[in-house]
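Asker: This is the structure I want to talk about, given as structure tokens.
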Amino acid sequence: MAPPSPSHVAPLLKDELDIVIPTIRNLDFLEMWRPFLQPYHLIIVQDGDPSKTIRVPEGFDYELYNRNDINKILGPKASCISFKDSACRCFGFLVSKKKYIFTIDDDCFVAKDPSGEEINALAQHIKNLLTPSTPHFFNTLYDPYREGADFVRGYPFSLREGVPTAISHGLWLNIPDYDAPTQLVKPLERNSRYVDAVMTIPKGTLFPMCGMNLAFDRELIGPALYFGLMGDGQPIGRYDDMWAGWCAKVIADHLGLGVKTGLPYIWHSKASNPFVNLKKEYKGIYWQEEIIPFFQSAALPKESKTVQQCYRDLSLLVKEKLGPIDPYFQKLSDEMVTWIEAWEELNPAAK
């Protein structure tokens, strides 16, 4: 009997996953994603002018929130949601009621693998999230749970069950995710290298998380995926996803959770203006030289067993250790607490 065609296969986690998209424009890019994303529920977070009407292609099931909605739903706590920055996407994480989140930028298109087949990025993210991670011991064949792979000789049997995967970090073909100085010196560089690999980021190792092609288990790590206070009115931008990645990795390591990176690829269609980016990033370029050692040495109390408690602990460390660098970090620390308060208000713990 012939296997069922893709159109007749039930989409994975259809009722357990939301797709979060931050945008300032019509979402025509969804037409390309229709075969893969149409069965799922979308949460669209409209940045910028709330009076502007955003057009969504017909046939998609979605809810759309603009700044007026954010202010209405969160009241004074809306101060923690960035304005005029893609960090506004984390409002979608807040209001979702699903177990999993896939978030994608509106300039990301469907990529093709080396054989010319279109890549179903969401399906690969789901595979990553539904198989364990191995942060405590590196497997030289990368992800041992992939078909055709396994644990290599010398890998401890006591560690082969792995740990739950909290985050799946995908990559990009075409426009690399570079900072402004690298953009300026390599204006024509494009990424055409497709590496067919998924790996677990080892415990104790940080990474620069990019939010344009990202999935995570909201129940396991959601409260840590706060994209910071960036954009309009703030001295820094374009560090929102990296801030979330640093915080989430420290907490994942503390709680015994895993983070994977590699497949799937998307096609990143356009490069942002490096001069505009430099203006947003330049303080971050200085500050990251102190921020990264801070996260590398951040130790959370052993008694902290929930993501919310870990995040509150981290906010106190941010105020104590990073606050002296600039008053911005005092404010960021306060909004980290506000974010957790908003999370708990909209996501009350089960009795």
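Asker: If you stretched the chain out fully between N191 and K112, how much longer would it get, using 0.36 nm times the residue separation minus the C-alpha to C-alpha distance?
Answerer: 27.1 nm
Asker: With charges set only on the Cβ (+1 for Lys and Arg, -1 for Asp and Glu), what does the dipole of segment 1-151 come to about its Cα centre, in debye to the nearest 20?
Answerer: The calculation lands at about 560 debye.
Asker: Report the dimensions of segment 98-208 along its three principal axes from the alpha-carbon atoms, largest first, rounded to Å.
Answerer: That works out to 47, 32, 29 Å along the principal axes.
Asker: Related question: Could you work out the equivalent-ellipsoid semi-axes for segment 1-104, taking the square root of 5 times each eigenvalue of the Cα gyration tensor, largest first, in whole Å?
Answerer: Working: eigenvalues 171, 48, 18 Å².
Equivalent ellipsoid of segment 1-104: 29, 15, 9 Å, largest first.
Asker: Please work out how much length the chain gains when fully extended from Q296 to E344, using 0.36 nm per residue of separation minus the C-alpha to C-alpha distance, in nm with one decimal.
Answerer: 14.5 nm
Asker: Enumerate the calculated ³J(HN,Hα) couplings along segment 207-224 in order (Karplus 6.51 cos²θ - 1.76 cosθ + 1.60, θ = phi - 60°), each rounded to whole Hz, writing x wherever the residue is Gly or Pro.
Answerer: 8, x, 7, 9, x, 7, 8, 9, 9, 7, 8, 4, 5, 7, 9, x, x, 7
Asker: Which value in nm describes the separation of the simple spin-label points at N68 and E320, placed 7 Å from the Cα toward the beta carbon?
Answerer: 4.5
Asker: Give the span of segment 169-214's Cα atoms along each principal axis, as three whole-Å numbers ordered largest to smallest.
Answerer: Taking the Cα atoms of segment 169-214, the three principal extents are 34, 22, 16 Å.
Asker: Tabulate in residue order the Karplus-calculated ³J(HN,Hα) for segment 178-191, using 6.51 cos²θ - 1.76 cosθ + 1.60 with θ = phi - 60°, rounded to whole Hz; enter x for Gly and Pro.
Answerer: For segment 178-191, the Karplus-derived couplings read 9, 7, 4, x, 5, 4, 5, 8, 10, x, 9, 5, 10, 8 Hz, x marking Gly and Pro.
Asker: A follow-up question, please. Pairs K84/K321; K98/K249; K77/K98; K72/K302: which exceed 31 Å Cα-Cα?
Answerer: Among K84/K321; K98/K249; K77/K98; K72/K302, the Cα-Cα distance tops 31 Å for K72/K302.
Asker: With just the Cα atoms defining each centre, how far is segment 270-298 from segment 173-201? Give it in Å.
Answerer: If we compute the Cα centre of each part, the gap is 17 Å.
Asker: Let me ask something additional. Expressed in nm to one decimal, what extension gain is obtained for the pair A123 and S158 from 0.36 nm per residue of sequence separation less their Cα-Cα distance?
Answerer: 9.7 nm
Asker: To continue, here is another question. Would you compute the Debye intensity of the chain from its alpha-carbon atoms alone, equal scatterers and no solvent, and pass along log10 I(q)/I(0) at q = 0.09, 0.12 Å⁻¹ to two decimals?
Answerer: Here the Debye-derived log intensity ratios amount to -0.48, -0.89.
Asker: Quick one: what are the phi-derived ³J(HN,Hα) couplings along segment 29-38, Karplus 6.51/-1.76/1.60 with θ = phi - 60°, whole Hz, x for glycine and proline?
Answerer: My calculation for segment 29-38 gives 4, 5, 4, 5, 8, 3, x, 9, 9, 4 Hz in order.
Asker: Additional query: So what's the net charge close to F294: Lys and Arg +1, Asp and Glu -1, counting the other residues with Cβ under 12 Å from its Cβ?
Answerer: -1
Asker: If you don't mind, another one. I need the trypsin sites (Lys or Arg not before Pro) found in segment 115-194, filtered to DSSP loop residues with at most 12 other beta carbons within 10 Å of theirs.
Answerer: Sparse-neighbourhood loop trypsin sites (Lys or Arg not before Pro): R153, R190, R193.
Asker: Suppose each label sits 7 Å from its Cα in the direction of the beta carbon; what would the T53-Q38 distance come out to in nanometres?
Answerer: Label-label distance for T53 and Q38, simple model: 2.4 nm.
Here, each number is a calculation from the coordinates, and none is a lab measurement. Being a predicted model, the structure only gives us computed values, none of them experimental. Heads up, the Cβs are rebuilt from the backbone with ideal geometry, glycines too, and the neighbour counts pull from every protein chain shown.
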